[in-house]
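The values are calculated or read from the model by the stated rules, or taken from the named source; none is laboratory data. Only a predicted model underlies this, so the values are computations on that prediction, with no experimental measurement involved. Because the Cβ atoms are built from the backbone with ideal geometry, glycine has one as well, and the counts that use them run over all protein chains shown.
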Amino acid sequence: MILARVTGEVVASQKHPSHEGLKLLRVQPENSSTPQHLIAMDAVGAGIGERVIVVQDGFAAMTAVNRPQSPIDCAVIGIVDSTNEI
Amino acid sequence: MILARVTGEVVASQKHPSHEGLKLLRVQPENSSTPQHLIAMDAVGAGIGERVIVVQDGFAAMTAVNRPQSPIDCAVIGIVDSTNEI
Amino acid sequence: MILARVTGEVVASQKHPSHEGLKLLRVQPENSSTPQHLIAMDAVGAGIGERVIVVQDGFAAMTAVNRPQSPIDCAVIGIVDSTNEI
Amino acid sequence: MILARVTGEVVASQKHPSHEGLKLLRVQPENSSTPQHLIAMDAVGAGIGERVIVVQDGFAAMTAVNRPQSPIDCAVIGIVDSTNEI
Amino acid sequence: MILARVTGEVVASQKHPSHEGLKLLRVQPENSSTPQHLIAMDAVGAGIGERVIVVQDGFAAMTAVNRPQSPIDCAVIGIVDSTNEI
């Protein structure tokens, strides 16, 4: 998993039927060397501006939103309260 | 998933039989630090120039085009209407 | 797998129910070209400052912590005693 | 998938038994920012110098060469006839 | 798969029980743009200094060492005899 910041939502009317009712979040990975963001399914009710934990694996992301037969490879699975860093 | 722009189509006559009837799109990831593009199976009828959502996982991509036993690792699964970004 | 250093812990109260009781570690990959760290589930009782082995695959990471239906893609699976390098 | 150029073959006598009879190709990804090449199993009879489509997923690559229990994560699955690019 | 050079071994006494009896190799990918190495399970009896083929997929790596329920995502699956490159 990685830490990221939620920076927006994505709306797509033309999409896979299994994505109905799910929220697509645009997240920016922390400390990334590039400005490339990820599009992640929201599994925890995360909002814009929140610091979150993102999983980047197909089966794991499908499991996070309980849709095992849906084309998903990335999901927000936690909202960070705090980190204890050296 | 990532956001990308469809920049072309790829034609291959010599290919895996399970790819028959599928459209291969050339997509350019947004904000990528390199000019490397991806080749993705089209699951939503996307056309050249459109901004799309791309999934990069084997099982997820196979599910997107409903071919669970086909060698596919990338698919276009949504056409972006709008993004709400901070 | 890669070698990494444990640099912290992450606390998230809003998370997937299957993550209850697991410890989330912040690890810094060795010799990485970027400052981006990873968030890994602890499977071996690793502590801050230790040099560890990290697995980055969904099924492998779930297996490491014995939670096959949990959204996890990264786990600490060993604590390094020594390396024999040329 | 990505586009790549076949730049060589690799011979390994010490290998996994399930690889017997398969051809290992050295391919150079197109537009890559680094000179790192990939080693891919040939599933379509590709030759040196040809422009090909490469899949980079374990299950997908195993499926491409019809060896579902073999350690393979990359395969050449198409030979490019033409691309239509903007 | 990628080509790499074996540059060392890693010893970890605190590890997943399923790793008992396996040898962990430190390998340096060829032509990599960064000095980051990988830790791979040895499936072919490779030694330090040898040029090898490395697979980077969970299921593929587990299959290589015949431990389908072990947290492994990388394995050495061949020793290179020669390459024929243009």
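Mind checking which residues of the stretch E:39-54 are among the aliphatic types (A, V, I, L, M) and either touching a Ser or Thr at 6+ places or on another chain (Cβ under 9 Å) or part of a loop (DSSP other than H, G, I, E, B) (or both)?
Within the stretch E:39-54, E:MET41, E:ALA43, E:VAL44, E:ALA46, E:ILE48 meet the criteria.
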(request) Go through (1) in a strand (DSSP E or B); (2) at the interface with another protein chain (Cβ under 7 Å from one of its Cβ atoms) and name the single condition A:GLN36 misses. (result) (1)
(message) Pairs needed: first member in the stretch D:19-39, in contact (Cβ under 8 Å) with a residue 40 or more places away in the chain; second member anywhere, in a strand (DSSP E or B) and small (Gly, Ala, Ser); C-beta distance under 8 Å; at least 6 residues apart or different chains.
(response) D:HIS19/E:GLY78; D:LEU25/D:GLY8; D:LEU25/D:ALA40; D:VAL27/D:ALA4; D:VAL27/D:ALA40
(message) Which of the numbered conditions does B:GLN14 fail, given that it passes all the others? Conditions: (1) at the interface with another protein chain (Cβ under 7 Å from one of its Cβ atoms); (2) over 11 Å from A:PRO71 (Cβ atoms); (3) buried (at least 22 other Cβ atoms within 10 Å of the Cβ).
(response) (3)
(message) Just the residues that are in contact (Cβ under 8 Å) with a residue 12 or more places away in the chain, at the interface with chain A (Cβ under 7 Å from one of its Cβ atoms) and not β-branched (Val, Ile, Thr), please, taken from the stretch B:66-83.
(response) B:ALA75, B:GLY78
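Before we move on, is A:ASP57 in contact with a Gly (Cβ under 9 Å, 6 or more places away or on another chain) and among the acidic types (Asp, Glu)? Even if it seems obvious, please write down each step before you answer.
Details: in contact with a Gly (Cβ under 9 Å, 6 or more places away or on another chain): yes; among the acidic types (Asp, Glu): yes.
In short, yes.
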(request) Give the residues of the stretch D:10-46 that are acidic (Asp, Glu) and either over 25 Å from B:GLN28 (Cα atoms) or in contact with a Phe, Trp or Tyr (Cβ under 8 Å, 6 or more places away or on another chain) (or both), sorted by residue number. (result) D:GLU20, D:ASP42
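What is the residue count in the stretch C:1-18 for residues that are among the hydrophobic types (A, V, I, L, M, F, W, C) and touching a residue at least 40 places away in the same chain (Cβ under 8 Å)?
5
With respect to C:ILE86, is the statement that it is surrounded by fewer than 17 Cβ atoms within 10 Å (Cβ to Cβ) and at the interface with chain E (Cβ under 9 Å from one of its Cβ atoms) true?
Working: surrounded by fewer than 17 Cβ atoms within 10 Å (Cβ to Cβ): yes; at the interface with chain E (Cβ under 9 Å from one of its Cβ atoms): yes.
For C:ILE86, the condition - surrounded by fewer than 17 Cβ atoms within 10 Å (Cβ to Cβ) and at the interface with chain E (Cβ under 9 Å from one of its Cβ atoms) - is met.
Pick from A:ARG5, A:ARG67: which is of a type in the set (Lys, Arg) and over 18 Å from C:SER70 (Cα atoms)? Give the steps one after another, and end with the answer.
On the way: A:ARG67 fails: over 18 Å from C:SER70 (Cα atoms).
Exactly one residue qualifies, and that residue is A:ARG5.
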(request) Determine which single condition D:VAL44 fails, assuming it passes every other condition in (1) farther than 20 Å from B:VAL11 by Cα; (2) at pLDDT 95 or above. (result) (1)
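Restricting attention to the stretch B:4-30, which residues are acidic (Asp, Glu) and more than 10 Å from D:THR83 (Cα to Cα)? First the steps, then the outcome.
Within the stretch B:4-30, the subset acidic (Asp, Glu) is B:9, B:20, B:30.
Passing the criteria: B:GLU20, B:GLU30.
When the stretch E:55-65 is examined, which residues are found to be at the interface with another protein chain (Cβ under 7 Å from one of its Cβ atoms), outside any strand (DSSP E or B) and not charged (D, E, K, R)? Write out each step before concluding.
In the first step, residues of the stretch E:55-65 are kept if they are at the interface with another protein chain (Cβ under 7 Å from one of its Cβ atoms); the result is E:55-61, E:63-64.
Filter once more, so that each one left must be outside any strand (DSSP E or B): E:56-61, E:63-64.
If the condition is that a residue be at the interface with another protein chain (Cβ under 7 Å from one of its Cβ atoms), outside any strand (DSSP E or B) and not charged (D, E, K, R), then E:GLN56, E:GLY58, E:PHE59, E:ALA60, E:ALA61, E:THR63, E:ALA64 are the ones that fit.
Yes or no, residue by residue, for (1) touching a helix residue (DSSP H, G or I) at 6+ places or on another chain (Cβ under 6 Å); (2) closer than 19 Å to B:GLN69 by Cβ; (3) more than 7 Å from every other protein chain (Cβ to nearest Cβ):
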| position | (1), (2), (3) |
| --- | --- |
| D:VAL10 | no, no, no |
| D:SER18 | no, yes, yes |
| D:LYS23 | no, no, yes |
| D:GLN28 | no, no, yes |
| D:MET41 | no, yes, yes |
| D:VAL44 | no, yes, no |
| D:ILE48 | no, no, no |
(message) Looking at C:PRO68 and the list (1) within 13 Å of the chain's Cα centre (by Cα); (2) closer than 16 Å to A:ASP57 by Cα; (3) assigned to a loop (DSSP other than H, G, I, E, B), which single condition is not satisfied?
(response) (1)
(request) Taking only the stretch C:1-33 into account, find how many residues are closer than 19 Å to A:ILE79 by Cα and in a loop (DSSP other than H, G, I, E, B). (result) 7
(message) I want to confirm something. Restricting to the stretch E:25-40 and keeping residues that are in contact with a Pro (Cβ under 7 Å, 6 or more places away or on another chain) and on the phi < 0 side of the Ramachandran plot, which single residue is surrounded by the most Cβ atoms within 10 Å (Cβ to Cβ)?
(response) E:LEU38
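For every residue, the table says whether it meets (1) of a type in the set (A, V, I, L, M); (2) surrounded by fewer than 22 Cβ atoms within 10 Å (Cβ to Cβ).
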{"residue": "C:ASP42", "(1), (2)": "no, yes"}
{"residue": "C:ALA46", "(1), (2)": "yes, no"}
{"residue": "C:ILE53", "(1), (2)": "yes, no"}
{"residue": "C:ALA60", "(1), (2)": "yes, no"}
{"residue": "C:THR63", "(1), (2)": "no, no"}
{"residue": "C:ARG67", "(1), (2)": "no, yes"}
{"residue": "C:ASP73", "(1), (2)": "no, no"}
{"residue": "C:VAL76", "(1), (2)": "yes, no"}
{"residue": "C:ILE79", "(1), (2)": "yes, yes"}
(message) Residues that are over 30 Å from C:GLY47 (Cα atoms), at pLDDT 95 or above and among the aliphatic types (A, V, I, L, M): does the stretch A:77-86 have at least one?
(response) no
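With respect to D:VAL76, determine if the residue is farther than 15 Å from B:HIS16 by Cα and within 9 Å of the chain's Cα centre (by Cα).
Details: farther than 15 Å from B:HIS16 by Cα: no; within 9 Å of the chain's Cα centre (by Cα): yes.
Against the criterion (farther than 15 Å from B:HIS16 by Cα and within 9 Å of the chain's Cα centre (by Cα)), D:VAL76 does not qualify.
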(message) Yes or no: the stretch E:17-28 includes at least one residue that is more than 19 Å from C:VAL55 (Cα to Cα) and among the basic types (Lys, Arg).
(response) no
